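The block underneath contains the structure these notes are about, expressed in structure tokens.
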Amino acid sequence: TKARVTEQGQESDVTFEDVAGLEEAKEEIYELVNFLKAPDKYLYLGAKIPKGILLLGPPGTGKTLLAKAVAGEAGVPFFSLSGSEFIEMFVGVGAARVRDLFQKAKARAPSIIFIDEIDTIGRARGGTSIFHENEERDSTLNQLLAELDGFGANTGVIVLAATNRGDILDPALLRPGRFDRHIQLELPNLTERKAIFKVHMRPLKLANDVVVEDLAAQTPGFSGADIANICNEAALFAAHREQKSIKKKDFLDAIDRVIGGMEKRSKIIT
Ligand code: ATP
């Protein structure tokens, strides 16, 4: 999750080529791309297309990337909101934002709405919380449920939502006709890490001593986001060292630095 300012309704330039590994997820999601490209073909036959798909998986495993790739492959506008945006909003503002976004997406259908960190909005109700925040979340969640129920399969809007806390979601979100399809993403295995390194090495000037297999072997437990980070840190090291290419040593130092960041992160969480 990054705090990012994206223009709503922009076309995405991400394609499936940018998403390494995640073969099963990509296969499942390809159906959506086909639908978004030619909705009429499906609607003519009376096929029902899922409107809500939940992407589950640890941080940095490519949930946002995959959602953008769906929009990019299908060539449709991408609308997004992040659950964390709603935390400090006044009551009613979140609900209005949700209504507004759905309205815009419907006007430009076929289109994609992506809701990141949906657990922030859709945490099971009745939990303890500061009263104000709780009230706001409920009104935002209710609006979201109303929007999901309010459009039919033929609207051409597909809502993708991401969370790494599927266990705490309000069951109301998961009912049929809402987020009733789930796609689980996992941390990459050795082969997948290698593929992810390759994607992020595409724009880099590499020295001859860089061996992708070795880097993949040295990064068990790393997410796609961590690997993207390593590649960039390695490039920064090489630039700082006035080199003309990025060497193995730069990658090893980058791995150390990213591990340092991961340790800090887990200390904050626990
Ligand atoms: P979060 O739960 O933290 O929001 P996320 O699952 O949405 O994380 P992304 O934001 O999609 O993760 O991933 C962050 C970045 O990591 C991507 O922009 C991309 O550069 C890289 N990345 C993650 N997974 C992959 C992958 N499978 N292939 C290539 N790059 C990846």
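Structure above, values below:
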{"read-out": "Antiparallel content of DSSP bridges confined to the chain, in %, to 5", "value": "10 percent"}
{"read-out": "In degrees, nearest ten, helix 63-74 long axis to first principal axis of the chain (Cα)", "value": "70 degrees"}
{"read-out": "Residue-normalised accessible area of the chain, given per residue in Å² at a 1.4 Å probe", "value": "52 Å²"}
{"read-out": "Placed amide H near Asp170: partners under 5 Å, 5+ positions off or other chain", "value": "Arg123, Ala124"}
{"read-out": "0 to 90° range, to nearest 10: angle between helix 131-150 axis and the chain longest Cα axis", "value": "70 degrees"}
{"read-out": "Helix-derived mean residue ellipticity, 222 nm - over the chain, DSSP H n ≥ 4, -39500 (n - 2.57), to 500", "value": "-15500 deg cm²/dmol"}
{"read-out": "Simple Cβ-charge dipole of the stretch 167-270, Lys/Arg +1 and Asp/Glu -1, about Cα centre, in debye nearest 20", "value": "280 debye"}
{"read-out": "For the stretch 155-170, 3J(HN,Hα) per residue [Karplus equation, 6.51 cos²θ - 1.76 cosθ + 1.60, θ = phi - 60°, Hz, x = Gly/Pro]", "value": "6, x, 9, 10, 9, 9, 10, 10, 7, 10, 10, x, 5, 9, 6, 4"}
{"read-out": "Cα convex hull volume per residue for the stretch 21-84 (Å³)", "value": "99 Å³"}
{"read-out": "Ranked by how many other beta carbons lie within 10 Å on average, peptides 157-164, 96-103, 50-57 from highest", "value": "157-164, 50-57, 96-103"}
{"read-out": "Cα centroid separation, the stretch 44-102 to the stretch 204-270 (Å)", "value": "31 Å"}
{"read-out": "Calculated from backbone phi, Karplus (6.51, -1.76, 1.60) coupling profile of the stretch 186-191 in Hz, x at Gly/Pro", "value": "10, 4, x, 7, 3, 4"}
{"read-out": "Directionally averaged shadow of the chain, computed from the convex hull of its alpha-carbon atoms, nm²", "value": "15.4 nm²"}
{"read-out": "Nearest 10 degrees, 0 to 90: helix 93-107 Cα axis against the chain principal axis", "value": "90 degrees"}
{"read-out": "Under 5 Å, built H, 5+ apart or other chain: amide partners of His182", "value": "Leu54"}
{"read-out": "In Hz, Karplus ³J(HN,Hα) per residue of the stretch 24-36 (6.51, -1.76, 1.60; θ = phi - 60°; x = Gly, Pro)", "value": "4, 4, 5, 5, 4, 7, 5, 4, 5, 4, 4, 5, 5"}
{"read-out": "Long-range amide H partners of Gln10 with built H, under 5 Å", "value": "Phe78"}
{"read-out": "Chymotrypsin sites (Phe, Trp or Tyr not before Pro) within the stretch 15-92: DSSP coil, no more than 11 neighbouring Cβ in 10 Å", "value": "Phe90"}
{"read-out": "Portion, in percent, of the accessible area of the stretch 159-204 that falls on carbon or sulfur, probe 1.4 Å", "value": "52 percent"}
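The values are calculated or read from the model by the stated rules, or taken from the named source; none is laboratory data. Since this is a predicted model, take the numbers as computed values, not measurements. Every residue, glycine as well, gets a Cβ built from its backbone with ideal geometry; the counts of neighbours run over all protein chains shown. These accessible areas exclude ligands, DNA and RNA; they are computed on the full protein's heavy atoms, side chains included. Shrake-Rupley method; radii C 1.70, N 1.55, O 1.52, S 1.80 Å.
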